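Contents: one structure, followed by commentary.
The values are calculated or read from the model by the stated rules, or taken from the named source; none is laboratory data. This one's a predicted model, so the numbers in the text were calculated from it and none came from an experiment. Please note: Cβ atoms are built from the backbone with ideal geometry, for glycine as well, and neighbour counts cover all protein chains shown.
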Amino acid sequence: MTDQHLSIDDMALFTKLRMTAFGEAVIEIANDPACDQWSFSQKIRHALEQETTARTERRVLKLLKASRTPNPAACVEDIHYLDGRNLNRDLIERLAACRWIDRTHNLVILGKSSVGKSYLAQALVNAACRRDYTARYFRLDDLANQLAVYQRHDTARLTFLTGVHTCELLVLDDFLTTPVTSETAAELLNCRRP
């Protein structure tokens, strides 16, 4: 098959191979006269870059969905550093690099009500997902309520808790403002990783 015969009908094969973005790029290159001057290696590299980008975007979306963050679009790049907010741009950029997650350090975000603590936490979830970390985001009262629904030795409860314990970043919003039972606290603090 020559390049001139590649068409949208060939996408079924690329889709079957789970290389949709690669296939779209190959068909675009084959049908765009501006790409005729490219070497074979340049064409392949371009198509591979398109596929890699698409896979990365899908992975980030999957991680964000699994994180349960209420605002997956929150990102550190959109934070406003207004006077009086006591936000340090350099510190936020260092936190967004997520090295503290690798070091298994905890982070507590403190501040007055309605200053953007939740948004900052959600933006850090987004930053972590973009760096391929697994994350979970819960308002503490929602988490406690969800645990209360499960029976004590229910396999669904154990599966849920395993997901909470094994994620690389666990965000508990309203942690210091929401009372929890000692049993719930014990289950959350029993964070043994496999």
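Can you pull out every residue in region 47-69 that is out of contact with any Phe, Trp or Tyr (no Cβ under 7 Å at 6 or more places or on another chain) and either within 30 Å of residue 172 (Cβ to Cβ) or buried (at least 17 other Cβ atoms within 10 Å of the Cβ) (or both)? First the steps, then the outcome.
Going through region 47-69, the residues out of contact with any Phe, Trp or Tyr (no Cβ under 7 Å at 6 or more places or on another chain) turn out to be 49, 52-66.
Hits for region 47-69 are 56, 57, 58, 59, 60, 61, 62, 63, 64, 65, 66.
Please go through region 91-113 and pick out each residue that is within 22 Å of residue 77 (Cβ to Cβ), of a type outside the set (Val, Ile, Thr) and surrounded by fewer than 18 Cβ atoms within 10 Å (Cβ to Cβ). Break it down into steps so the answer makes sense when it comes.
Filtering region 91-113 for residues within 22 Å of residue 77 (Cβ to Cβ) gives 91-102, 107, 109, 111.
Checking which are of a type outside the set (Val, Ile, Thr) leaves us with 91, 93-100, 102, 107, 111.
Result: 91, 93, 94, 97, 99, 100, 102, 107, 111.
Which of the residues belonging to region 80-105 are out of contact with any Leu (no Cβ under 9 Å at 6 or more places or on another chain) and of a type in the set (A, V, I, L, M)? Show your work before the answer.
The initial filter retains those residues of region 80-105 that are out of contact with any Leu (no Cβ under 9 Å at 6 or more places or on another chain), namely 82-86, 88-91, 93-94, 97, 99, 102-105.
Of everything in region 80-105, those that are out of contact with any Leu (no Cβ under 9 Å at 6 or more places or on another chain) and of a type in the set (A, V, I, L, M) turn out to be 82, 91, 97.
Quick one: is residue 79 within 22 Å of residue 61 (Cβ to Cβ) and either surrounded by fewer than 14 Cβ atoms within 10 Å (Cβ to Cβ) or among the aliphatic types (A, V, I, L, M) (or both)?
Values: within 22 Å of residue 61 (Cβ to Cβ): yes; either surrounded by fewer than 14 Cβ atoms within 10 Å (Cβ to Cβ) or among the aliphatic types (A, V, I, L, M) (or both): yes.
When the stated conditions are applied, residue 79 passes them.
Would you check which residues across region 141-159 are of a type in the set (Lys, Arg) and assigned to a helix (DSSP H, G or I) and list them? If you could, list the steps in order and put the result at the bottom.
Step one: of region 141-159, the residues of a type in the set (Lys, Arg) are 152, 157.
The answer is 157, and nothing else.
Listed here are the residues, each with its yes/no results for (1) in the same structural domain as residue 179 (by TED's automatic domain parsing); (2) of a type in the set (Phe, Trp, Tyr); (3) touching a residue at least 60 places away in the same chain (Cβ under 8 Å); (4) out of contact with any Lys or Arg (no Cβ under 7 Å at 6 or more places or on another chain).
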residue	(1), (2), (3), (4)
80	yes, no, no, yes
93	yes, no, no, yes
107	yes, no, no, yes
121	yes, no, no, yes
125	yes, no, yes, yes
137	yes, yes, yes, no
152	yes, no, no, yes
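Among the residues of region 117-136, write down those that are among the β-branched types (Val, Ile, Thr) and either closer than 8 Å to residue 63 by Cβ or touching an Asp or Glu at 6+ places or on another chain (Cβ under 6 Å) (or both). Before the answer, list the steps.
Going through region 117-136, the residues among the β-branched types (Val, Ile, Thr) turn out to be 125, 134.
Once the filter is applied, which keeps residues that are among the β-branched types (Val, Ile, Thr) and either closer than 8 Å to residue 63 by Cβ or touching an Asp or Glu at 6+ places or on another chain (Cβ under 6 Å) (or both), region 117-136 yields only 134.
Take the conditions over 11 Å from the mean Cα position of the chain (by Cα), buried (at least 16 other Cβ atoms within 10 Å of the Cβ) and at positive phi and apply them to residue 116. Does it pass?
Working: over 11 Å from the mean Cα position of the chain (by Cα): yes; buried (at least 16 other Cβ atoms within 10 Å of the Cβ): yes; at positive phi: yes.
So residue 116 fits the description; yes.
Within region 151-165, can one find any residue that is under 30 Å from residue 93 (Cβ atoms) and crowded, with 16+ Cβ neighbours inside 10 Å? Spell out the reasoning first.
Kept after step one, since they are under 30 Å from residue 93 (Cβ atoms), are these residues of region 151-165: 163-165.
Within this subset, residues satisfying the condition of being crowded, with 16+ Cβ neighbours inside 10 Å are 164-165.
Scanning region 151-165, I find at least one residue that is under 30 Å from residue 93 (Cβ atoms) and crowded, with 16+ Cβ neighbours inside 10 Å, so the answer is yes.
Conditions tested, residue by residue: (1) touching a helix residue (DSSP H, G or I) at 6+ places or on another chain (Cβ under 8 Å); (2) farther than 30 Å from residue 133 by Cβ; (3) assigned to a helix (DSSP H, G or I); (4) at pLDDT 90 or above.
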residue: 13; (1), (2), (3), (4): yes, yes, yes, no
residue: 18; (1), (2), (3), (4): no, no, no, no
residue: 29; (1), (2), (3), (4): yes, yes, yes, no
residue: 37; (1), (2), (3), (4): no, yes, no, yes
residue: 44; (1), (2), (3), (4): no, yes, yes, no
residue: 52; (1), (2), (3), (4): no, no, yes, no
residue: 57; (1), (2), (3), (4): no, no, yes, yes
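Filter region 59-81 down to the residues that are hydrophobic (A, V, I, L, M, F, W, C) and not in a helix (DSSP H, G or I) and list them by number. Talk me through it step by step, then tell me what you get.
Here is the first cut: in region 59-81, the ones hydrophobic (A, V, I, L, M, F, W, C) are 60-61, 63-64, 66, 73-76, 79.
Once the filter is applied, which keeps residues that are hydrophobic (A, V, I, L, M, F, W, C) and not in a helix (DSSP H, G or I), region 59-81 yields 73, 74, 75, 79.
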